Each structure stands twice: as structure tokens, then as C-alpha cells.
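Everything on this sheet refers to the single structure shown next.
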Amino acid sequence: MYNLEKLIVPDSHDDNLKLNCSYCPKCERKYFPLKEICADCLDSLTNIEINSNGRIFSYTTIRTDSPFYKAPYTLAFVDLDEGVRLLARVNVESHQQLDSNKRVKGVRTPITTKDGETINAFEFKIIEEV
Ligand SMILES: [Zn+2]
């Protein structure tokens, strides 16, 4: 029922987690999650793997439970280094202030569905600036 595991490249590891992404060879746009047709040129897309490292663009604290997470938790738009902006949970204390532009990377996180099934999704964690 849930296909979140298809978002993650199966043989990638948390020290270098890769995501499945769609790529338009004509206009070079990338999409996540996967799509079949480019929203700009309507060309067919191919699937590529991208790194999950990026920077926080913006974030907010969610104060109601979701099907997967107990409130409060933090959601952020993250600009991946490879040119994709995506929305995902960031694993931080709920009231921790984050600086926009903070470096993050994707890691696997087990979540339990309402059917009691445990599946692998991903979230971001803060990494130190180099
Ligand atoms: Zn295109």
C-alpha cells in the first residue's frame, strides 16, 4: 500500500543515502518524487539517482499528529545540492531553532503505518559544516 521505500535507492547507505529522482533530458529539470512527464516541456522523464545532501530552505514545527509522526515535529523544505527542493521531516528536538541554510543529509527512518506495518522512509538530519 505504501511505496515510500521506492523513494530511496535500495543499496545506498545512511552515510551516503541516494534518492530515486526523475530527470528530463531535454530541459534538464529534476523531479522528486518520481514523475513520468516533465511539467515544463511535457517530454518523457528518465529515472536517475541523486545524493540526499542539501540545505534547509525553510522549516516549521507541526503541532498535530500525522499518520506517521507524533506532534510536535519539524518539517522543512530542503534544497538538495543536485537541484531538487523537497519537503520532509528533520530529526531535531521539536523546539530547536534551525538556521535556514543549515546543512542536512538524508537518512533512513522506520515508520509504522496505521496497519501496523513498519517501513523505511527517510528524513533529514543536521550535519556539521565543513
Ligand atoms: Zn523538460
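The values are calculated or read from the model by the stated rules, or taken from the named source; none is laboratory data. Just so it is clear, the model here is predicted, and its values are computed rather than measured. As a convention, Cβ positions derive from the backbone with ideal geometry for all residues, glycine included, and neighbour counts pool all protein chains shown.
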Going residue by residue through segment 82-98, is there one that turns out to be over 16 Å from Ile127 (Cα atoms), of a type in the set (A, V, I, L, M, F, W, C), in a strand (DSSP E or B) and within 16 Å of the ligand (Cβ to nearest atom)?
no
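Rundown of residues vs (1) aliphatic (A, V, I, L, M); (2) in a loop (DSSP other than H, G, I, E, B), yes/no style:
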| position | (1), (2) |
| --- | --- |
| Asp15 | no, no |
| Glu28 | no, yes |
| Asp40 | no, yes |
| Ile50 | yes, no |
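Among the listed residues Tyr69, Tyr23, Tyr73, which satisfies the condition of being of a type in the set (Phe, Trp, Tyr), out of contact with any Cys (no Cβ under 7 Å at 6 or more places or on another chain) and under 14 Å from Lys125 (Cα atoms)?
Selected residue: Tyr73, the only one of Tyr69, Tyr23, Tyr73 that is of a type in the set (Phe, Trp, Tyr), out of contact with any Cys (no Cβ under 7 Å at 6 or more places or on another chain) and under 14 Å from Lys125 (Cα atoms).
Checking the conditions here, which among Thr60, Thr74, Thr64 is away from the ligand (no atom under 16 Å from the Cβ), in a loop (DSSP other than H, G, I, E, B) and of a type in the set (Val, Ile, Thr)?
Thr64
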Residue, modelled with the lowest pLDDT, within segment 101-126, restricted to residues that are surrounded by 12 or more Cβ atoms within 10 Å (Cβ to Cβ) and in a loop (DSSP other than H, G, I, E, B):
Thr113
Looking for something out of contact with any strand residue (DSSP E or B) (no Cβ under 9 Å at 6 or more places or on another chain) and loosely packed, with under 14 Cβ neighbours inside 10 Å - is there at least one such residue anywhere in segment 81-95?
no
Give Asn53, Asn16 a once-over and let me know the one that is in contact (Cβ under 8 Å) with a residue 60 or more places away in the chain and away from the ligand (no atom under 16 Å from the Cβ).
Asn53
Report yes if Ile48 is of a type in the set (A, V, I, L, M), at pLDDT 95 or above, surrounded by 11 or more Cβ atoms within 10 Å (Cβ to Cβ) and within 22 Å of Ala88 (Cα to Cα), otherwise no.
yes
